[in-house]
Every structure is written in C-alpha cells, then in structure tokens.
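Asks: Okay, here's the structure, questions in a sec.
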Number of protein chains: 4
Amino acid sequence: MQRNVRLGTLTGVGPTIRRLSDDRGIPRDTSARAAIERLSSDIVSFRRRHRLDQVVVIHTASSEPPFPLSATHQSWNKLDKALPRRGTGVLPASSIYALAAIESDSGYVNFTPSLGVHAPAIEERARQRRVPYMGCDGKTGETLVKSVLAPMFAMRHLNVLSWVGQNILGNRDGEVLSDPKTRASKIKTKDRIVARIVGGAPTTRVSIDYVPSLDDWKVAWDFVHFEGFLETKMSMQFTWAGCDSILAAPLVIDLARFTALSHQRGAIGSMPQLAFFFKDPMHCGTHDLPGQWAALVAWSKIAKADA
Amino acid sequence: MQRNVRLGTLTGVGPTIRRLSDDRGIPRDTSARAAIERLSSDIVSFRRRHRLDQVVVIHTASSEPPFPLSATHQSWNKLDKALPRRGTGVLPASSIYALAAIESDSGYVNFTPSLGVHAPAIEERARQRRVPYMGCDGKTGETLVKSVLAPMFAMRHLNVLSWVGQNILGNRDGEVLSDPKTRASKIKTKDRIVARIVGGAPTTRVSIDYVPSLDDWKVAWDFVHFEGFLETKMSMQFTWAGCDSILAAPLVIDLARFTALSHQRGAIGSMPQLAFFFKDPMHCGTHDLPGQWAALVAWSKIAKADA
Amino acid sequence: MQRNVRLGTLTGVGPTIRRLSDDRGIPRDTSARAAIERLSSDIVSFRRRHRLDQVVVIHTASSEPPFPLSATHQSWNKLDKALPRRGTGVLPASSIYALAAIESDSGYVNFTPSLGVHAPAIEERARQRRVPYMGCDGKTGETLVKSVLAPMFAMRHLNVLSWVGQNILGNRDGEVLSDPKTRASKIKTKDRIVARIVGGAPTTRVSIDYVPSLDDWKVAWDFVHFEGFLETKMSMQFTWAGCDSILAAPLVIDLARFTALSHQRGAIGSMPQLAFFFKDPMHCGTHDLPGQWAALVAWSKIAKADA
Amino acid sequence: MQRNVRLGTLTGVGPTIRRLSDDRGIPRDTSARAAIERLSSDIVSFRRRHRLDQVVVIHTASSEPPFPLSATHQSWNKLDKALPRRGTGVLPASSIYALAAIESDSGYVNFTPSLGVHAPAIEERARQRRVPYMGCDGKTGETLVKSVLAPMFAMRHLNVLSWVGQNILGNRDGEVLSDPKTRASKIKTKDRIVARIVGGAPTTRVSIDYVPSLDDWKVAWDFVHFEGFLETKMSMQFTWAGCDSILAAPLVIDLARFTALSHQRGAIGSMPQLAFFFKDPMHCGTHDLPGQWAALVAWSKIAKADA
C-alpha cells in the first residue's frame, strides 16, 4: 500500500495547508500545468503498473478556502491558456487534482467542499475527455440527519422558523477548519440544505469549532424551532456523536465502485444518481435523502439489468 | 358546536377511565348491543339534522388497556350473537364506537392505540357495510421522528444496536397512561416501528411517564446506539418538545377529508394510502415516512385526476 | 492479586444474582452465622498473611432487592440469636458481608444501595466492636450532577416542578438492575435526593434500563422543569455519558484511605465526613455536594493537623 | 411609573445601539461631563420628588463593545480633566451612567458586561464619594449552570479537557450581540469562568447567535469533555431553555435591596458579598456558586445581627 503513495502538490493549497504540510520533499511545481502533468502521469503509471482497466480519483484532501471564479474559468479554451502561467493563483489544488484525473481518463469524485471539478471550464474538459464526475462534500453526519429531518417538517407542513447547528471536531479536518476562510467553504455546503428542502426563509446558522480533545470524533448539536397549528412554536434538538473517518470510509468505497461502473457504462459529466452521498450534489434538484436513495436504487436496478 | 356533543359510553372503558369520568348523566347501557345502537342512532340524527351526505367518525378517546381477542372476535356471526350479553366484557369501548360508526355507514379512523376496528369480526362487518376504515394511533411526535431517522440508518447500513425512548407528558392522555395496563397498549405501537424498519434485533425500550407540570406538552428523549465500519459504536440522541393537541389537530382534519373522499370513491375496508398518519398502520408493510408520503401523494393524484 | 481472591456467599443474594453466578465451587453456608464466620476468617487470614495493621472492607457487589426489616433487626441481641437459623431469610448477602467486616474488626463501606450495615442491630454491633462504617451507594454520575444542580435551583429560588431521569447502562450492574425488584433499591437512593435538597413536592421519576450494547458505559438523561418569576415555566436537560467503573474506582480508593484514617483516629459508627461519596449518606442531613465537600475538607484539615 | 422615565445618552454608545435607538428627542450632550451632569441631576430630582433616603442605580442597558483603557482612565485627576472634551471618545455610555450614579451619591450595580465603573479612575472617584458598587454581568442562565458544574468536576478531580457553549437568543439583547464587536464583551465574561474554576488549560469556546424566532427565550447548549481514571474520556452536555428577563428580574430586585443595605451600613467601593449574582464579579477570587452563596449568607447574617 505504502509503496503506491505519491506526493501531491502545494500549488494553490492556501496558507493553512502549507503551514501544516511537512514541506520537505514535496515538489515545487512551476505552474498549474506542470503540477497537472506530474500528477496525471503518476496516475497513469499506477494504472499500468497494476494492469488496471480503470482508476477512480476520489478527492479527500483538507478543505480549501472558497476560490472566486473569473472569466478564465468559464471555458476550457481560456483556462488551458492560463495553466502554464508561473505562480499559484490560476487554480486551487483541488482543481489541479481534478484535471490530473481528467487528463488521465479517470472518473473523479470530490468528497470535500473545495472547488475540484466545479468550474465551467473544467466540466467542459471532463466532457471532452468523456470522463464522469461528481461532488461536492461527503454527507456523513449532521447534514445526513438534516437531509431526513427537514423533509419530515416539510411533509407535515410544520413551518421551520430557525435551524441552528454547532459542530465540534478534533482531527486534522477540524484543525484546517479553525481557519475562518477555510470554514467558509464548509459552512456553505452544510447550511444551504435546510432552506432548499423546507423553502421559505428560515434563520439558519452553522458553526464549526476545533476541539482537539475530540480526536477523530465529531459532535454536532442542532436546534430546530418550528411552528405548528395556530402558530404554536415547538422545538426539536439532536446531538450526533460520530467518528468521521469511520463514517466516510464505506461511502468512499461505494463511490469508487459506482463511479467505475458509471464510467464503464459510458457515463460522461456529472452523475446525479450519486446525489445520495453528497451535502451539495452538483446539478441536482433533490436534497432529501429518501428521494436521493430512490434515484440511486432505480439507477442500480437498470445497471444490474443491463449487466 | 356544544349543542352537537352527545354522551359516550362507559361500557368497556376499564377502571382508569371510569374513575376519571364525571359519572353523572352518562347512560348505563345494558349491553354492547345497546350502546352501539344508541351511539349509532346519535350519528344518524346528527347527519340528518345537518343534511349531510357523509359523516366520518374519528376516535380520539383516551387509550385503553390491551384487549385480548377470543374466538368470539374471529367472525361477525359469532360476535353478533355475543353483543346482546349483559355486562361489559364483550368489547372495549373503542370497538363499540367503531361498530356505531359502521352501523351508521360512516367512515372510521382510529387515532389511538386502542382496539377499535382491529378485530377480524369487526373488519368483516365493515366490509359487509361497505365502510372504509384506518388506524392505529396518530403519529404526531417521537414516533414521527423515528419513522424518518430509522430509514436513514438502514439506507446507510449503519447497524442500529439499541434505541431507547423516554416520553413525558402532562395532559389527560398522560394521566390515563400513568396506569401501567393502559401504557402497555401505547408502548406497543411506539416500540415496534424501529425493528420493523431497520430489521435485525435491536434492543428497543419505550417509557412513558406522567409529569403534570408539562400540561399539554410532551417531551421525548431518544437515544440511538449504532455501529459503523469496523464495528465502531457511535450514538445519536434527540429531544422533541411538542404540543400534542396542536400536532394532532391538523392530522385529524386531514384524515376526515381523506376518509370522506375515499368513502365517496367507493373504498371499502382498510385504507393503506393513509399509513402516513399512523404509528402502526393497519395491514401495511411500509413504516418509513417517505415511503408512506409517496403512497399518499400517488393516491391523491389519482383521486384528483378522477375528480 | 488473583491469589488473594476468596469466594463469597450465595446466602441471601436473591434469585437474579444466584442465576448469574457461576455456581460451581461456591460454598453452601448452612446459616448466616456460618457464612459470617467463614468470610470473617478469610479477612483475618488476609490481614495476617500480609502483616497488615488494618483492613477496610468495601462492598461493591451487585445491588440486591430491598430487604424488609423486622423486629429481629432492631437489636443485636435479637439478631444474634437468629443468625444460626438454617436457610437464607435472616439477612441479605450484603449484611452478611457487613457483619464479616465487623467481626474481623475492619472498617466497612457500602458502595451499593443494598442493606449492608443499615439496620439498627448491625449498627449496634459495629459500635460494640468499635468499627467505623459508611454508605450507601457511591455517587458516580447522574446523582452526582443532581447534587450540584438541585442546590443551584434552591439558591436561586427557582421552583423545581418536576425532575425526570432516564438511565441506561450495559454492564453486569445493568443486567442485575433489569430485575424490577433489584431496580427498586437503586431507584430509591437515586430518586430521593432532589426532593430532599429543593424541598416542596416536585414530581420526580427515575428509570433504569439495561441496554447491553453500552457495555460499561452509562448514559443518563435528566429533564428538569422549573418555575421562575411570574410563574414562568422553563426547563433544563442534561445527558451524562460516563464509564461507571472508571468513575467508581478512584472513589473506592479514596474511601479505603479515609476509612483507614478514621479507624486509626478511633472513629466508631457512621462517618458523616464521607457523605461526599454517597447517593444516600447514612445519618446525614446534607445532600448538596458543596456542603459535603466543605465537611470533608474541614475534617481532613483537622486530621492532618493532628498527624 | 412611566412618568419617572428620563431619557439616557447617546454619547459613547457605539454604532449598533445608535442605529437601534429611536433618535428623536434624545438630547445631544456636548461632552461626557455634560451627560454626567444631566443624568446625575435627573437622579437627584427623582430622589427629592419621592422624598427618598437613597437611590440605587442598576445598569441593564444593551452590551457595549469592549472599550480600551488608556492612561487617562488610570486616575480620577486625569479623567476629570478629560471629561469636558467635545466628542464621544472619552468614556463609553455605561461609564457615563456609572459616574452619574456616583456624583448623585447613589449605589451602583453593573448588570451587563460593559465597562461601567470598572476603570481605576472611576473606582477612585466612587471611593472619594463613599459610594458602593458591584458588577459585572448578571449570571442568569448558562453561566449560572457553569458555576455549579465546573466546581463539581474540580472536586472530583475529573480533568476538564474542553467546554464548548452555544447560545441562541431572540430578544433585543440578541440583536445587539449579533454585532461581533459587542459580542466580544459578552463572550469574555461568559468564557473565562470555567478555566478560573477548574484550572489547567481547557479548550473553551462560547458562541452567541441571534435567532429572532426565540423572542425573549435563550437556549444554550454546553458540551463538556472530561477525563477520568486511566485517561478515559467521557462527556456531559446540557441544554438550558430559559426566559432571560424573567430570570433577571428577581436578581435586579435583590441587588437593589442588598446594595441599599450595604450603602446604609457604610460600605464603600466594591461589594464582594454580591459575587453570587455576577458572571465576572469585580475583585473577587471566588467563581463557584456555592462559595459565593456561603459568602452572601454569612454577610446577611452579620447585617441582620447588627440591625
């Protein structure tokens, strides 16, 4: 296992990750283009060395700060010309990995809230290379619970007034998120789900705090304030105490299998059938878990019938 | 409104309700048959007086202790012969009301965990009289939440080891449930849902305690112990603080409308499309809320298209 | 360590413990007297073999059902005459152990809600033998929290209306408490503390359920309903997730030390300075933790000054 | 009642309060000195009009942002010279009210986390004028609970690793605290208490969010991560749901009485006997509630004996 590990890139990771990474030995790529070529070549070598038909790239690196898109990111033509530029401002690291996957003809999954494939230019390139992809941000804990509770309030016409969530966690993920800029990416994917499901304009708040003593555990407390018949205000609260890596691992394995299968079946572009796994599924209207589950099951049956 | 209220029966209510009821003026029916005839006649008079096409009877009386069925309750022929017997042992009050509804050609809904229509003989009679019915036990709070959370654990293959619920409430319902015999009925409909959804043999416990200071509020605490990847144990807990009558009222109104519509459309016997509203839906395989919701929506669309 | 372990007695343990104990090899004592003599002699041998000045006996066996006292238990004279009787009805096992401690001149601590030394006849005998003792029931978790929160409500004149506690645990202690008779002892020591501290007549409930998946963990949920200015009702709830043996172990060590020191200083009878450690401290008026702590600290200072 | 209300000052209130205040009619004081003289004269008129012996001023206005002290605030001599300056930068409004109280010979209590009397120059002036004072920040809810739970962990040598608190509230206080600058003052008094009581270097976090649907209710969730024997990590969490004004009102009344009594008894300067009421009691070493209670009771007994 250890022999297959290759070094990533520090291009476009931002100051927090750079500070945390053990700097020694990580190659200094001169441009985004150079980084993409090096990483893509690592993937191809891996595929050949193990005589594999397919590789799936799953991005599980630390969250990056939000990356503002410009005109450069609107078409592959423009982005392609900018990639050889010196310096690190063209693309965040997550998008460099996404392009390394695409250029090596590998299916790609973004398990984080970082940008990854989520720019028109990169999606265009993925379609050109006939590669399937999906994201963003694995739905492992608090947001998973939101995605079943929020539809319950909606189905019963209980009007959600406010939904406040406090997350505390102690692992490297938590350490990276203690940087307010990085946290902003994560809060965005965690926070928007409730309003999308229940509609209206509920007050929603999501906080994330780094609490080292928790190690790999995440504790989340959510408070839901809602209104029933005759404008009576009621409340529900839950506390989730989960082990993040343990919750993520089987999803990553499932995503590898489903992406490989989709790729074999000729899927190109985003894979809405995998919305079930994500906090903020790309190009998907369905945010409630049961609807996402039904879509995944339906797709699996078709795939199985074809096999 | 007040002028339309008629007195019920004390036949078959059990000692707790008898003690709580203000005894003065409630007619002493000499047999189950006599009570059914009196109540049925009250319903018919109400329908005529208000020139109604239909009446729907919704049972929301206090919970009764579990009522053991015997050979007498297996066919209408046998039960019909037993009804004129003196004394109160033939049927619980909830079933007397169910038969009063059936004999007056009214649709019937059991919003409680009491027996109601739920005996082969009574269901047979309802089909003879071409009357639709449904139950048991309105799903307003803690069990509602269970019916969306339990499928989440199942969809994610998170193995539910234990699910413990503690309910405290302060209204008349709570006072009646402080009798351990009555509580047994309620605990049965509240407890079985988790194992039915997640499968396996989780440890499940449901407690109910009467806490007068809460008035019409119900507070429920649920603790879920579950196992993920590599047998890692994790937990989730929630506290629900709801106002029971406020949560029940709109469901009762919806049930009246849906039952009336079903009756008009010629429905006879149990109405599985209304499973969404019940803790323990009669003759239904689906216990998860999203599945029940999908069934209700599908049925409504057909009914609307026909209209 | 293992070489110092001696077998206990099955006399007076009740059916649950008897069923759980691996029966093979446990001596069948013919009477309470015989059991006391055998166990007392084991303690004396232990003291001599290790050339010890003192031994402290700390009772941490499984909880027993409540044991009703009769005239026999009101004076040592009467009890002493009853001890040689055949059969197991004279004393529960915990009291046999207490008398074994007393007869071997050992200080005695009851870390459980079982009877132990808590009968006039046994206390009389302890004073005759000039032995100090204390109990009942180590205060490790939920009740510990109650003993600081209840005084807070009292100090602020916030009127406690109701206090409901639900305890779930998975170890042998939990298994024994799944017997309702045994549970009754435990609930008594856990439940009375609130009313004793806050006064008035709050509704208090304590439930205990055996949930095997929790292993040695105990989870307790407490809900406090209270009333402030202008009769406004408010609430507080807490969840305690503790590892019972880990919480008990240091208390047992402290109790051994404090009891040994008290014995050396010539203490006879109950030791109110150790109330800090117990759910239901014998012969003590103070139930709030800070008051108990102040008493322990004051006593320790005197003991230290004398040394 | 309404006839006794006089307008306050906008001098030194900061932009959030200024925006929220209905600006019309509030006098524009030309300097801190002018505001102090106007307000002090209002207090004196009130005392004369009602023929009172004493007035106690209790500051319950909205929280201000932290105010940095400079050399000017270190002695009354220097501050006195700066007061006539034009503009609003010399003192925050809370300190203007404190000086108005002092100059009118009134006892003063700061029920908020704002600066108030808490500057060497102002305290010096209070002692010159022989006026008693106390603060800061009334301890009504979450911090009250902390002040009894934290000592419990300390008494039992359970090592507090982390203590995280999330507060949500919906009233004007919450609206003002939604300004991050104002929030900083409040978080300081709420956060420091745990480390002061348990010692060591626990990770502590306090968040405050404005959730309008809660109206005057405050909900606080606290998570305590602690370590017992053999470095076993355990946790406790609580949710407090209280009505802030209802909790504060009786404390304000008690503070008025105790301050009046202290003043009568010739108290000058800070009143440590009133630490019981404050999150961050001035010049006090004792932060645990039981210790503060004992001090208040002891003082009351002396005062009563003297009367």
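Throughout, read-outs are computed from the coordinates displayed, never taken from laboratory work. Since we're looking at a predicted model, the values are computed, not measured. Cβ sites come from the backbone with ideal geometry, for glycine too, and all protein chains shown count toward neighbours.
Asks: Could you tell me what percent of the DSSP beta bridges with both partners in chain D are antiparallel, to the nearest 5?
Replies: That works out to approximately 60 percent antiparallel.
Asks: I've got another one for you. What ³J(HN,Hα) values, in whole Hz, does the Karplus curve 6.51 cos²θ - 1.76 cosθ + 1.60 give for the range C:264-270 when θ = phi - 60°, with x put for Gly and Pro?
Replies: With coefficients 6.51, -1.76 and 1.60, one gets 4, 7, x, 5, 10, x, 6 Hz.
Asks: Let me ask something else about it. Sort B:73, D:283 so that the residue with the fewest other Cβ atoms within 10 Å of its own Cβ comes first and the one with the most comes last.
Replies: Going from sparsest to densest Cβ surroundings: D:283, B:73.
Asks: Put a point 7 Å out from Cα along the line to Cβ at residue B:200; what are the distances to that point in the other copies, in nm, shortest first?
Replies: In nanometres, ordered from closest: 3.4, 3.5, 4.4.
Asks: Averaged over A:284-296, how many beta carbons belonging to a partner chain fall within 10 Å of each residue's beta carbon?
Replies: Neighbouring Cβ atoms belonging to other protein chains average 2 per residue here.
Asks: Along the range D:92-98, what does the Karplus equation 6.51 cos²θ - 1.76 cosθ + 1.60 (θ = phi - 60°) give for ³J(HN,Hα), rounded to whole Hz, x for Gly and Pro?
Replies: Couplings: x, 3, 4, 7, 5, 5, 4 Hz.
Asks: Name the residues whose placed amide hydrogens come within less than 5 Å of the amide hydrogen of residue C:278, ignoring near sequence neighbours (fewer than 5 apart) on the same chain.
Replies: Those lying under 5 Å, H to H, from residue C:278 are C:139.
Asks: Per DSSP helix of 4 or more residues, -39500 (n - 2.57); summed, then divided by the residues of the protein assembly as shown. What does that give at 222 nm, rounded to the nearest 500?
Replies: About -13500 deg cm²/dmol.
Asks: Could you tell me how many degrees, from 0 to 90 and to the nearest 10, lie between the Cα long axis of helix C:32-49 and the main elongation axis, the longest principal axis, of the Cα atoms of chain C?
Replies: So the helix axis and the longest Cα principal axis differ by about 80 degrees.
Asks: List the residues, sorted by chain then number, that are 5 or more residues from residue A:270 or on another chain and whose placed amide H is less than 5 Å from its amide H.
Replies: Here the answer is A:133, since their amide H atoms fall under 5 Å of that of residue A:270.
Asks: Express in whole angstrom the spacing between the alpha-carbon centres of the range B:268-295 and the range C:96-139.
Replies: That distance is 60 Å.
Asks: From the phi of every residue in the range D:129-140, what ³J(HN,Hα) in whole Hz does the Karplus formula 6.51 cos²θ - 1.76 cosθ + 1.60 yield, where θ is phi - 60° and glycine or proline is x?
Replies: 7, 6, 10, x, 8, 6, x, 10, 6, x, 9, 10
Asks: Which cross-chain or sequence-distant (5 or more) residues have an amide H under 5 Å from the amide H of residue D:29, H modelled 1.01 Å from N in plane?
Replies: Amide H neighbours of residue D:29: D:10, D:11.
Asks: Note the distances from residue C:294 to each other copy's matching label point, with points 7 Å along the Cα-to-beta-carbon direction, in nm, sorted shortest first.
Replies: Between copies, matching label points for residue C:294 lie 0.5, 6.4, 6.4 nm apart.
Asks: Follow-up. Using DSSP, restrict attention to beta bridges with both residues in the range D:85-236 and report what percent are antiparallel, rounded to the nearest 5.
Replies: On the way: 14 of 24 bridges.
Antiparallel bridges: around 60 percent, rounded to the nearest 5.
Asks: Evaluate peptide B:220-231: per residue, the Cβ atoms of other protein chains within 10 Å of its Cβ; return the mean as an integer.
Replies: Mean number of neighbouring Cβ atoms from other chains: 5.
Asks: With contacts defined as alpha carbon pairs under 8 Å and 6 or more residues apart, what's the relative contact order of chain B in percent?
Replies: RCO, chain B: 19 percent.
Asks: Compute the distance from the alpha-carbon center of the range A:141-179 to that of the range A:40-77, in whole Å.
Replies: Rounded to whole Å, the Cα centres lie 29 Å apart.
Asks: Could you state the angle between the C-alpha long axis of helix D:289-306 and the longest principal axis of the C-alpha atoms of chain D, as a value from 0 to 90 degrees rounded to the nearest 10?
Replies: Tilt of helix D:289-306: around 50 degrees.
Asks: Of the candidates C:108, C:210, C:97, which one comes out as most mobile in a Gaussian network treatment of chain C with C-alpha springs shorter than 10 Å?
Replies: Looking only at C:108, C:210, C:97, the biggest GNM fluctuation is shown by C:210.
Asks: Of the DSSP beta bridges with both residues in the protein assembly as shown, give the percent that are antiparallel, rounding to the nearest 5.
Replies: Antiparallel bridges make up about 60 percent of those DSSP assigns within the protein assembly as shown.
Asks: Here's another thing I want to ask about it. Averaged over B:70-78, how many beta carbons belonging to a partner chain fall within 10 Å of each residue's beta carbon? Intermediate results must be reported in sequence, preceding the final value.
Replies: Values: counts 0, 0, 0, 0, 0, 0, 0, 0, 0.
Per residue, the average neighbour count from other chains is 0.
Asks: Okay, next question. In whole percent, what relative contact order does the range A:31-144 give with Cα contacts below 8 Å and a gap of six or more residues?
Replies: Working: 172 pairs, mean separation 37.4, N = 114.
Once normalised by length, the contact order is 33 percent.
Asks: While we're here: Among C:98, C:82, C:150, whose mean-square fluctuation peaks in a Gaussian network model of chain C (Cα, cutoff 10 Å)?
Replies: Answer for the Gaussian network model of chain C: C:82.
Asks: While we're on this one: Between chains D and B there is a rotation axis; tell me the chain D residue with the nearest beta carbon and how many whole Å away it sits.
Replies: So the closest residue, with its distance, comes out as D:239, 4.
Asks: Then there is this: In whole percent, what relative contact order does the range D:126-282 give with Cα contacts below 8 Å and a gap of six or more residues?
Replies: Reported as a whole number, the value is 38 percent.
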